[in-house]
Amino acid sequence: MSDEMKDFYRGGAEKAGTLWTLPFLSFVMLNVFVFMGFDLLLPTLSVYLELHGNSEAEIGRIFGTFTISAILMRMLASRLALLVNAQRLVRLGLLACALAGLWYYWAHSLPTGMAARFIHGAGFGLASTLITALASQIIPPARMGEGLGYLGLGTTLALALGPFFGIWLVDEFGYLVMFVVVAAFYASGIVVVACLPKIRLASAAPGAPKPRLVLLSRKVLAPSLLMFLMGVIMSAVTIFLALFCKEKNLPYAGHFFVLSTIGIFISRFSAGRIHDRFGHCYIILPAGLLILGCMLFLAEATSRDTIFLVSVVYGLATGAVFPSLQALTLSLVPLSGRTEAAASFFNAFDLGIGAGSLIFGHLASRCGTYASVYLGAAGVAALFLLFHLSYYVLLKPFRKKRGNRETT
């Protein structure tokens, strides 16, 4: 192997500006595998559990278990990396995900479903956290934002293809094949990690400060609360849409996810520029209103055209809100506090997904229709807008003006 090829494989250590090295490409591919295994189950597992006699409330509890274990492992990941090599931990996490993927086929009851989901969440939380941390070690500092953006394309690609592919697999081959494919994606990830060169986390270096256990940081509580509410809203779509479409006899759940992801791609080309030029209010408030309208229209949807229209608008709105809230969160802390802020941001989102699965599961069970889920999500969207208006448009500017008067 030539010296140039060695540099390419090792991450271009001697070429600080090189981004597209073989290890970086491997991490992008790894991210696709990890999230494909996750997204295949979003619209299919809830239907599978319902077919085996689980109620809406029980389905909500099973999905909520994933969130609890994922958050716990995300909080522990940095400390575990002090004891065990991070790449070995990633392989262990992916192995747990693969085993859980196969176990789902026999997880028919509430206890077995919660156990399988707990193991899947723990493995996913550990692997996804450390994959991002390891990838950041080989991205040139001057291109960190660009590199993490490309890394995130794997997540977006999986979100576009995963739900549609999962529904297609179930329709064509049945649930056993779908669960085997889930396990195969995670097994492929294990192979990719095994082929990577050794990468050492900066937090695991000798003399590095001991990582903190952070759930939510007080410095970014306001945007974290907004992200929590977004997670609650998004849980209504990701978890219950397939059941809603089945109830309405509208076989378009897979199409919804594909079209919404197209909307996400479109909005991300312009939303960031608007945020940087005018501020987050010009993104979050209009997008929040669009999400509110989407949930109301979805609750009353009876045709293909309505589903398709809502899917695109929903994608445009959520694709704009997510990076805008993330940029707002990171802007509130110095560089040294961005890891803690980012952890709070994603923990809030996961907590929202978990809370939404429980709340909307009970709501659908009590009301007897999945349309109630989207009326409830519309209420959460209204709360999202109310909090943002109260804090960022009314309260924060008032406190700033009063502070300026007191200093003069």
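The values are calculated or read from the model by the stated rules, or taken from the named source; none is laboratory data. Note that the coordinates shown come from a computational prediction; the quantities given were computed from them, not determined experimentally. Cβ coordinates were reconstructed from backbone atoms using ideal geometry, including for glycine residues, and neighbour counts include every protein chain displayed.
Report yes if some residue within region 206-213 is at pLDDT 75 or above and within 25 Å of the chain's Cα centre (by Cα); otherwise report no. Scanning region 206-213 turns up no residue that is at pLDDT 75 or above and within 25 Å of the chain's Cα centre (by Cα).
The residue of region 347-371 that is nearest to residue 243 (Cα to Cα), among those that are polar (S, T, N, Q) and buried (at least 17 other Cβ atoms within 10 Å of the Cβ), is 357.
Restricting region 19-61 to residues that are more than 20 Å from residue 245 (Cβ to Cβ) and β-branched (Val, Ile, Thr) leaves a set whose member that is surrounded by the most Cβ atoms within 10 Å (Cβ to Cβ) is 34. The combined condition, being touching a helix residue (DSSP H, G or I) at 6+ places or on another chain (Cβ under 8 Å), of a type outside the set (Asp, Glu) and at pLDDT below 85, is not fulfilled by residue 89. Considering region 1-38, the residues that are over 28 Å from residue 126 (Cα atoms), hydrophobic (A, V, I, L, M, F, W, C) and part of a loop (DSSP other than H, G, I, E, B) include one that is modelled with the highest pLDDT, namely 16. Of all the residues in region 379-395, those that are surrounded by 21 or more Cβ atoms within 10 Å (Cβ to Cβ) and either without any contact (Cβ under 8 Å) to a residue 12 or more places away in the chain or aliphatic (A, V, I, L, M) (or both) number 2. Hey, could you check region 134-144 for residues that are in a helix (DSSP H, G or I) and either on the phi > 0 side of the Ramachandran plot or not hydrophobic (A, V, I, L, M, F, W, C) (or both) and say which is surrounded by the fewest Cβ atoms within 10 Å (Cβ to Cβ)? Restricting to residues being in a helix (DSSP H, G or I) and either on the phi > 0 side of the Ramachandran plot or not hydrophobic (A, V, I, L, M, F, W, C) (or both), the top hit is 141.
Set side by side, the residues 177, 192 differ, and just one is over 17 Å from residue 95 (Cα atoms), in the same structural domain as residue 97 (by TED's automatic domain parsing), modelled with pLDDT of 70 or more and in a helix (DSSP H, G or I), which is 177.
Among the conditions (1) surrounded by fewer than 21 Cβ atoms within 10 Å (Cβ to Cβ); (2) within 17 Å of the chain's Cα centre (by Cα); (3) under 14 Å from residue 24 (Cβ atoms); (4) modelled with pLDDT of 75 or more, the only one that residue 161 does not satisfy is (3).
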